[in-house]
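First comes the structure, then the notes that go with it.
The values are calculated or read from the model by the stated rules, or taken from the named source; none is laboratory data. It should be emphasised that the depicted structure is a prediction, and the values quoted were computed from it without experimental measurement. Quick reminder, even Gly has a Cβ in these numbers, built from the backbone with ideal geometry, and neighbours come from all protein chains shown. Ligands, DNA and RNA are stripped out before the accessible areas are found, and what is left, the full protein with its side chains, is counted by its heavy atoms. Shrake-Rupley method; radii C 1.70, N 1.55, O 1.52, S 1.80 Å.
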Amino acid sequence: MARLTALSGLGRKSAALFLLEIEGRRLLLDMGGGLEAGERPDLSQAGRVDAVLLSHAHVDHVGALDRLAEIGNPPVYATQETQRQLPCNLRPPRLAKLPDRGCAEVLGVRLDTGRSGHAPGGIWMRFPTLRGGFLYTGDFSTEAPLLRCDPFPRSATVLADASYGDREEALADQIAALTEAARGGAVLPCPADGRGPDMVAALGAAGLTVHACPQIADEAERLTGTPPPVATPETATPAQVIVADGPNAEHGLCAALRERPGFRFIFSGHVPRSSPAHAMLAEGRARWMGWNVHPRLSDILAMTETTRAERVLPAFVDLRAAPRLTAALGPRLRQCPSLEV
């Protein structure tokens with residue numbers, strides 16, 4: 001039998017660290033770092049791991065890769081695009097490739113992959129098991145304008161991104177609202193290799209002239225073939241709509257502009273309490289408006305039906321704040337951090 005153990009990632013928005021013991025192998029699905037300053041996930045229960053498989057390159061899924069020695073220095077598997085995105089300080093000595101879509105084998109263990117719609121190079125993973133198959137969605141989104149989410153395969157057990165809990169607001173409505181809010185100028189922080197190119201494309205299609213920091217401009221050009229005009233600390237003005245790396249104004253152009261007079265900030269993702277964004281929002285110096293990069297409640301339920309899941313583990317969410325999701329999953333809901341899959 002295969003067994004899944006959630007080392008981190010259940011019960012709240014936290015680092016993704018899931019141990020899958022299957023066919024005599026110990027595979028770590030993602031190796032995320034903490035979202036709050038100084039937060040370090042506990043790796044003591046991981047033991048010696050045979051391989052790490054990455055769903056995508058965001059910090060809460062790869063931020064602990066500098067601690068591979070604590071789990072035996074295993075090889076790390078990821079898509080070519082995810083490998084490209086890994087920062088130098090997290091780049092492991094042994095990297096192997098996973099396909100964006102298709103069949104793969106990791107140390108004799110077979111799996112299928114598909115695009116997750118959350119980030120360039122992001123994937124879901126499905127493993128055949130005696131209990132009807134196990135699916136790890138990673139972070140996923142079915143609404144992204146530029147990124148695609150491939151259909152999820154039938155799987156009896158699903159570890160599903162549920163970051164938004166009961167949220168149901170559509171991305172199209174969020175885009176319309178943000179377009180109006182950004183008119184006249186706004187800084188729109190986002191993570192590298194995430195929603196930036198989607199924001200540039202969608203707001204541009206809505207009639208705004210959108211600038212981007214060099215990092216986001218490069219990402220947009222890779223995805224669309226056309227770079228937006230670039231904003232830098234020297235050229236940025238408060239009248240511009242600027243999409244910039246640094247989701248919580250903690251680095252890059254966002255950090256350079258956050259204390260300058262006249263610049264309005266609109267945050268749109270998860271805001272850690274230890275971040276500059278949290279302080280700016282608390283002081284009324286910024287506002288928060290959603291931009292979906294995770295599934296809505298209806299998306300999770302649709303995925304559950306498509307996969308014919310018998311057991312669903314909602315990840316990255318406090319279910320006490322998601323009563324509708326809890327009720328809708330009913331007897332399929334699992335919250336145990338360790339179970340046979």
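Length gained on full extension, ARG25 to ASP173, computed as 0.36 nm times the residue gap minus the Cα-Cα distance: 48.8 nm.
From the square roots a ≥ b ≥ c of the eigenvalues of the alpha-carbon gyration tensor of region 218-273, which class results: rounded (a/c under 1.5), prolate (a/b over b/c), or oblate?
Numbers: a/c = 2.15, a/b = 1.27, b/c = 1.69.
Oblate, because a/c is 1.5 or more while a/b does not exceed b/c.
Can you compute the FRET efficiency between SER298 and ASN73 using 1/(1 + (r/R0)^6), with r the Cβ-Cβ distance and R0 = 41 Å? Round to the nearest 0.05. The calculated FRET efficiency here is 0.45.
Short-range pairs are left out: with C-alpha atoms under 8 Å and at least six residues apart, the relative contact order of the chain is 19 percent.
Once a ≥ b ≥ c are taken as the square roots of the eigenvalues of the Cα gyration tensor of region 73-188, is the result rounded (a/c under 1.5), prolate (a/b larger than b/c) or oblate (a/b not larger than b/c)? Can you show the working numbers first?
Values: a/c = 2.79, a/b = 1.51, b/c = 1.85.
Taking the square roots of the gyration eigenvalues as a ≥ b ≥ c, region 73-188 is oblate.
Under a 5 Å amide H cut-off, with hydrogens placed 1.01 Å from N, SER8 pairs with LEU17 among residues at least 5 apart or on other chains.
For region 162-259, the per residue solvent-accessible surface stands at 37 Å², with DNA, RNA and ligands left out and a 1.4 Å probe. Over the chain, dividing the summed -39,500 (n - 2.57) contributions of all DSSP H runs of at least 4 residues by the number of residues returns a 222 nm mean residue ellipticity of -6000 deg cm²/dmol.
Choose one of PRO145, PRO128, ALA177: the residue whose Cα lies farthest towards the positive end of the charge dipole of region 71-207 (beta-carbon charges +1 Lys, Arg; -1 Asp, Glu; about the Cα centre). So the residue furthest toward the plus end is PRO128. Between GLY252, LEU319, HIS278, the Cα set farthest toward the positive side of the dipole of region 203-329 (charges on each charged residue's Cβ, about the Cα centre) is that of LEU319. Expressed to the nearest 5 percent, the antiparallel share of DSSP beta bridges inside the chain is 45 percent. Here the contact order of region 5-119, divided by its residue count and restricted to Cα pairs under 8 Å and six or more residues apart, works out to 19 percent. In the set [x] 96, 35, 28; [y] 59, 44, 37; [z] 68, 48, 41, the label that goes with Cα extents along the principal axes in Å computed for this structure is [y].
Shown here for region 207-298: GluC sites (Glu not before Pro) in loop regions (DSSP other than H, G, I, E, B) with at most 14 other Cβ atoms within 10 Å, namely GLU234, GLU259, GLU283. Can you give me the C-alpha center-to-center distance between region 83-106 and region 129-192, rounded to a whole angstrom? Here the two parts' Cα centres lie 22 Å apart.
For ARG26, the residues whose amide H sits under 5 Å from its own are ASP50, ALA51, ignoring neighbours fewer than 5 places away on the same chain, with H placed 1.01 Å from N.
Please report the relative contact order for region 149-220, taking Cα pairs under 8 Å with a sequence separation of at least 6, and give it as a percent rounded to a whole number. Provide the component values of the computation, followed by the final result.
Working: 27 pairs, mean separation 19.9, N = 72.
28 percent.
Using a probe of 1.4 angstrom, how much of the accessible area of the chain is carbon and sulfur, in percent?
Numbers: 6870 of 13650 Å².
Its accessible area is 50 percent carbon and sulfur atoms.
Between 0 and 90 degrees, the angle of helix 297-307 with respect to the longest Cα principal axis of the chain falls at about 30 degrees.
DSSP beta bridges confined to region 1-160 are antiparallel in about 70 percent of cases.
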